[in-house]
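The values are calculated or read from the model by the stated rules, or taken from the named source; none is laboratory data. In this text, all values refer to a predicted model and were calculated from it rather than measured experimentally. Don't worry about glycine lacking a Cβ; one is built from the backbone with ideal geometry, like all the others, and counts go over all protein chains shown. Protein only, heavy atoms only, side chains kept; ligands, DNA and RNA dropped before computing areas. Shrake-Rupley method; radii C 1.70, N 1.55, O 1.52, S 1.80 Å.
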Amino acid sequence: MEDKSIIENGDRENDQQENPTKGVISTPNGSISGFESLHHLLSSSLPAPIFQAYCFQAQKESLREPRIVRVGLIQNSIALPTTEPFLDQRRAIFQKLKLIIEAAGASGVNILCLQEAWTMPFAFCTREKSWCEFAEPVNGESTQFLQDLARKYNMVIVSPILERDVVHGETIWNTAVIIGNQGNIIGVRRKNHIPRVGDFNESTYYMEGNTGHPVFETAFGKIAINICYGRHHPLNWMAFGLNGAEIVFNPSATVGELSEPMWPIEARNAAIANNYFVGSINRVGTETFPNAFTSGDGKPQHKDFGHFYGSSHFSAPDASCSPFLSRYRDGLMVADMDLNLCRQIKDKWGFRMTARYELYAEMLARYIKPDFQPQIVSDPLLDKKNPA
């Protein structure tokens, strides 16, 4: 990677705080012991060689020129409280994001991805149907807003929205719209794994998507979108790789108490196993709603989802990764990556050649049948009548 930058709103924290290792404390504003992110805390507390900024470069080849693409990720909080009129909330988030998107365009970003459901609060915890008002057609207001910016900056933009499918009975989907660098709509990808855990009551609004695992060939590379909860499913990641993805974006809205320990691991594993780059995006802030709601985990009723911990970052197929953006501030991450690295890692490790897909295809075909029996070989000396 020739150039990598992290642009964040606001002042940076004081990295010279006393005793930063005396326990990790999450403060009310979302920081950890006063640090922007776990990466900042650890890098200030541990020897320098443990944490390095890796460059996403590839080996120089004799028969291929480098394929360097500049990619951007945007994480942000909502612009107005959830109690404000919906129209005002939407206009405010458009105004807020325009400035950051303009910064990405001015930085020469070729492909830019926004966070999940970026046009609205992540209100799916509430189960209140009034939030469906934010749903819009694929060619709706947010897409038209971004088409102008895509044309202006010659930039592909991935826009995750709440889609209203007017052709099929106004069905609602969680959808990513892929806008080409000439302002055209290349296609859509709908979220195909829906969570049913904690406050994630998303199936009240939309069900599993029906678009499969498309890879979109853009002017700058082949990209795919694995929306939020899909990152917990290894076969989901694999399908994008089998279809030839070079960069897979994971636009998300996830909270610290539930998923933060897994956040640095899953995308990096996917990048390694499937020989592509991954861009992980998570919103930031704590969104409080007018009415209290309950969860599936027995907690008392409450009015907020928890803290969306940001920490957006890139992972590469060679196991390297970028630093994370802030845990609680709006941010734009920009990274250059040589897409030649994808094929070089395929050649090095031979994962596709050694994968033995036929074995797993056969087992999965048996598993989905009602009469499936697990392949278990029991110890013949095991006394099943009197277990120890």
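Please work out which residue is most open to solvent (accessible area, probe 1.4 Å), limiting yourself to region 152-167 and to residues that are assigned to a loop (DSSP other than H, G, I, E, B) and of a type in the set (V, I, T).
Looking only at region 152-167, we keep the residues that are assigned to a loop (DSSP other than H, G, I, E, B), and these are 154-155, 166-167.
From what is left, the residues that are of a type in the set (V, I, T) are 166-167.
Details: V166: 87, V167: 118 Å².
Among those residues, the one meeting the criterion is V167.
Taking the conditions (1) on the phi > 0 side of the Ramachandran plot; (2) touching a Gly at 6+ places or on another chain (Cβ under 6 Å) in turn, V334 satisfies each one other than (1).
Name the single residue that is nearest to the chain's Cα centre (by Cα) among those in region 195-218 being open to solvent by less than 10 Å² (accessible area, probe 1.4 Å) and of a type outside the set (S, T, Y).
Within region 195-218, the subset open to solvent by less than 10 Å² (accessible area, probe 1.4 Å) is 195, 202, 206.
Add one more test, that the residue is of a type outside the set (S, T, Y), and what stays is 195, 202.
Values: P195: 15, E202: 17 Å.
The extreme case among them is P195.
Exactly one residue out of T175, T171 is in contact with a Lys or Arg (Cβ under 7 Å, 6 or more places away or on another chain) and modelled with pLDDT of 95 or more: that is T175. Apart from one condition, G105 fits all of (1) in contact with a Leu (Cβ under 7 Å, 6 or more places away or on another chain); (2) modelled with pLDDT of 95 or more; (3) surrounded by fewer than 20 Cβ atoms within 10 Å (Cβ to Cβ); (4) not basic (K, R); the exception is (2). For region 80-94, residues that are open to solvent by 60 Å² or more (accessible area, probe 1.4 Å) and either assigned to a loop (DSSP other than H, G, I, E, B) or in contact with a helix residue (DSSP H, G or I) (Cβ under 6 Å, 6 or more places away or on another chain) (or both) total 4. On the stretch given as region 117-144, residues that are buried (at least 19 other Cβ atoms within 10 Å of the Cβ) and assigned to a helix (DSSP H, G or I) total 7. Residue pairs whose Cβ atoms lie under 6 Å apart, separated by 6 or more positions or on different chains, with the first residue in region 65-89 and closer than 12 Å to M120 by Cβ and the second open to solvent by 70 Å² or more (accessible area, probe 1.4 Å), are F86/E133.
Here Y54 clears all of (1) at pLDDT 95 or above; (2) more than 30 Å from N291 (Cα to Cα); (3) under 23 Å from the mean Cα position of the chain (by Cα); (4) part of a loop (DSSP other than H, G, I, E, B) except the condition numbered (1).
If only one of T211, T286 is assigned to a strand (DSSP E or B) and either among the polar types (S, T, N, Q) or at pLDDT below 95 (or both), which one is it? Working first, answer last.
Working: T211 fails: assigned to a strand (DSSP E or B).
T286 is the lone residue from the list that is assigned to a strand (DSSP E or B) and either among the polar types (S, T, N, Q) or at pLDDT below 95 (or both).
Within the span defined as region 16-28, every residue fails to be modelled with pLDDT of 50 or more, surrounded by fewer than 11 Cβ atoms within 10 Å (Cβ to Cβ), of a type in the set (D, E, K, R) and farther than 29 Å from G140 by Cα.
For beta carbons closer than 7 Å, sequence separation of 6+ or different chains, a first residue in region 181-210 that is more than 21 Å from C125 (Cβ to Cβ) and a second that is among the basic types (K, R), the qualifying pairs are Q182/R151; G183/R151; N210/R190. Within region 112-127, residues that are at positive phi sit with their Cβ atoms under 8 Å from residues that are assigned to a loop (DSSP other than H, G, I, E, B), at 6+ positions apart or across chains, in these pairs: A117/A253; R127/N201.
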